[in-house]
Amino acid sequence: MKKQSLLLVLFIIISCIALAQEGATNSSVGMTPNSTDSPTQNLSANGTDQQIEPNITLYELSNETSNETNDASPTEPVVEQVPSIVSFSLTNFTPREFEAGDVDMELTIKNTGTVPLQGLVPVIVGRGFFIYDVIPIAQLLPGESKVSEVLGHMSEKGTTILTIKINDQLFYQKVRVTGDVTEINQTLLDQIEQDRIKNKQTITEQLDELKDKTDELERTLELKANDYLLEGITTKDLLQYLQDTKYQLVADNVNLANVSVVLAQNEYDDLMHQLETAPKKSFWSKVNDNILIISTIGGALITIFTLYEIFQKKQDDIKKKLNEKKGEKEPEKKDPKKK
């Protein structure tokens, strides 16, 4: 009777844990805000502003929106996903009229999509134009505008159309060049090359340091996974930035390597902040995380007790049948006081 009661209590405990797990799962339903697209400004070939629709076909990462609802639960809120759209526009270009020689061009870029943009590097090509250096934009949030600079030399006078390539998108800008034609500043070129070599070495050192920190971070995450709520804290993006930095260094693209290492450092700092502020798991959270193991152990114990009861019953039945065949009775206990 005691064994049957123990089995019943164990079964009730496992059922309660399973119900608690199911309730926690059903209550974790989130909502995602909606978003709308709006026309954006771009620059035409003649340098005037015009209203255009963003070309999201070329840069669209995912245009699927989930509007499905559960028919079995009509009261469950509808979860609508915002489509991930990568789109940007060139909203301003200065100067549009300048003298021949060295020139510092400023390009204002606006993120017209729904996801952050990273590593925007403008490249300008045109008749008589030579690029010295480029200051890229490391990160651009949705709706945000930032300025990128292109330092170069213009050796041709007159009106010309510059082709501006920013990542995979092309823009065109008409400029007017006046003044006397001058030669390329070789001193400036030499200084830029020296800075490039120095920056490459600095980025390589930063990359090695971040790799060591990332390895330590992964070990820390593994150690704290059982006691802290670390959902969403992953080094996937950080590892990708480190890989991009290494690739750009090998390709001798120092500007892009610098962008990638900056993104990697920012991602590492963000992960460390999330880890430091991660709350501890409650007792029931730990139970929910190990519900499968607990259920398996409980099921195994129930099976063992059940098999034990079956074997014990069979043994009693066999013993009883043997006693019946032999006509034997169980011997009576003798009272030691009686002689």
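A short reminder: the numbers here are calculations on the coordinates, not readings from a lab. Remember, it's a predicted structure, so these values are computed and weren't measured experimentally. Counting neighbours? That spans all protein chains shown, and the Cβs are built from the backbone with ideal geometry, glycine included.
Miscellaneous remarks
- Other-chain or far-sequence residues with amide H under 5 Å of residue 115's (modelled H): 85, 87
- Summarising the label geometry, the points placed 7 Å from Cα in the beta-carbon direction at residue 312 and residue 251 lie 7.3 nm from one another.
- In this structure, the amide hydrogen of residue 144, modeled 1.01 Å from its nitrogen in the peptide plane, lies closer than 5 angstrom to those of 111, counting only residues at least 5 positions away or on a different chain.
- Stretched out straight at 0.36 nm per residue, the stretch from residue 270 to residue 205 would grow longer than its current Cα-Cα span by 21.3 nm.
- Translational D in µm²/s for the stretch 94-152 (Stokes-Einstein at 25 °C, 0.890 mPa s, Kirkwood Rh from C-alpha pairs): 197
- Relative protection proxy for 176-185, 247-256, from highest mean packing down: 247-256, 176-185 (other beta-carbon atoms within 10 angstrom).
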